[in-house]
Amino acid sequence: MLTHGSKKEKGAADKRRSFIDKSIKDRDGRVALWLTPNLPLTIWIVARVLMWPLSGTDEKAAWVVAVAALFIWTVLELLQGVNYFRRALGLVVLILTVTSALHGLL
């Protein structure tokens, strides 16, 4: 029988993470605010860079690729982000992406 304050009970308490820890740290306890860009974000960066020298339909095609890639990235962050900050970032960028895409289509 475990008594109050036993080693096993303290170990379980140590595994509980505060809201701040859940907001900025991953499951291993490492601060995870900036991560190496994954494939959708890399595609977005490349498409945005390619848009500068392009014009006409080529620019529009790069814009579509950029918006699609950023949309995928935001959904991945929103659903699979390593902490609350990353998930909130995904939500904010999703709202901005949808708003920007709708504005670009009008």
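Values quoted throughout were computed directly from the atomic coordinates according to the rules given, and no laboratory measurement underlies them. Just so you know, these numbers come straight off a predicted model, no measurement behind them. Glycine also receives a Cβ, built like all others from the backbone with ideal geometry; neighbour counts cover every protein chain displayed.
Order these peptides, 51-59, 71-79, 87-95, 22-30, by their mean beta-carbon neighbour count within 10 angstrom, highest first.
On the way: 51-59: 11.0, 71-79: 17.7, 87-95: 15.3, 22-30: 12.9.
In descending order of packing, they fall as 71-79, 87-95, 22-30, 51-59.
Taking R0 as 22 Å, what's the FRET efficiency between Leu102 and Val75 from their Cβ-Cβ distance, rounded to 0.05? All intermediate terms of the calculation are to be shown ahead of the outcome.
Details: r = 17 Å, r/R0 = 0.76.
Step by step, r from the Cβ atoms, then E = 0.85.
Using r as the Cβ-Cβ distance of Trp34 and Ala68, and R0 as 25 Å, what FRET efficiency do you calculate, to the nearest 0.05?
0.60
If R₀ is 30 angstrom, what is the calculated FRET efficiency for the pair Asp58 and Ile95, using the beta carbon separation as r and rounding to 0.05?
0.60
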